[in-house]
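Below is one structure, written out as structure tokens; the observations come after it.
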Amino acid sequence: MSRIRSLPTTLALIALTGCTPGGPEMVEVPGTTGALKSAANVRAERRAYDGAPPVIGHEDFGVECMSCHEEGLELPGVGFAPVMPHGTTDGMSAISRCEQCHVFRTTDGVFAANSFAGLPQDLRRGPRLNALAPPVIPHRVFMRENCAACHTGPAAREEIRTSHPERIRCRQCHLEILETGVFIAEGARP
């Protein structure tokens with residue numbers, strides 16, 4: 001069977017699967033009556049460790065990923081499809097092979113016993129130089145160049161939603177953390 005179906009056909013299939021919205025894994029979208037999205041803790045649990053690509057949080061609908069994730073789309077019974085954050089990453093595009101990094105979860109079991117323990121996703125805001133300074137970006141920017149994908153729109157988590165989505169040059173004020181060590185020891189003079 002072909003993976004490519006029309007979007008109306010996919011929406012009809014979703015309705016037929018009996019997906020039911022609600023429950024502790026879904027939260028309401030502010031300002032949109034009846035619309036739901038995945039809760040922040042559910043999104044964090046879709047990663048093996050902080051920085052790992054998340055598993056695909058729904059069944060295979062048989063359409064190209066970008067049918068729903070190019071601009072974000074509300075899918076009845078499933079929630080809002082977030083916008084892909086790495087559409088401008090070199091080598092990435094609407095025709096990229098998403099399933100090279102993102103996979104469907106087929107089991108909760110462990111493939112092989114191991115001692116790997118990844119770090120949980122850090123959901124804290126970035127630190128500030130002072131109370132008036134903008135927060136720094138608390139994660140790498142590579143493959144997350146589209147800040148609006150996570151920080152604006154109906155799929156954005158409330159904890160990281162921007163108060164100024166009209167400003168589109170985010171990195172003019174918000175800088176990426178590249179070094180976590182101390183630059184100059186306290187009390188030392190250059």
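The values are calculated or read from the model by the stated rules, or taken from the named source; none is laboratory data. Just so it is clear, the model here is predicted, and its values are computed rather than measured. Backbone-built Cβ (ideal geometry, glycine too); neighbour counts: all protein chains shown. Keep in mind that these areas ignore ligands, DNA and RNA; they rest on the heavy atoms of the full protein, side chains included. Shrake-Rupley method; radii C 1.70, N 1.55, O 1.52, S 1.80 Å.
If you rank Leu129, Leu73, Leu119 by how much accessible surface each has, with a 1.4 Å probe, what is the order from largest down? Walk me through the intermediate numbers first.
Numbers: Leu129 160, Leu73 50, Leu119 130 Å².
From most accessible down to least: Leu129, Leu119, Leu73.
Label sites at Glu64 and Phe142, each approximated as a point 7 angstrom past Cα along Cα to Cβ, lie 2.7 nm apart. Per-residue surface analysis assigns Arg140 an accessible area of about 140 Å², computed on protein heavy atoms at 1.4 Å probe radius. The simple spin-label model puts a point 7 Å past each Cα toward its Cβ; for Thr33 and Thr107 those points are separated by 4.7 nm. The modelled label-to-label distance for the pair Asp50/Glu166, using points 7 Å beyond Cα in the direction of Cβ, is 3.4 nm.
So how do Thr33, Thr162, Thr107 rank on accessible area, 1.4 Å probe, biggest first, that is with the largest at the start? Numbers along the way, then the final one.
Working: Thr33 150, Thr162 40, Thr107 90 Å².
The most accessible residue leads, giving Thr33, Thr107, Thr162.
Using the Cβ-Cβ distance between Thr89 and Asn130 with R0 = 35 Å, the FRET efficiency computed as 1/(1 + (r/R0)^6) comes to roughly 0.65. Across all Cα pairs in the stretch 74-171, the calculated P(r) in 5 Å bins from zero up to the longest distance comes to 2, 9, 14, 20, 18, 16, 11, 5, 3, 1 percent per bin.
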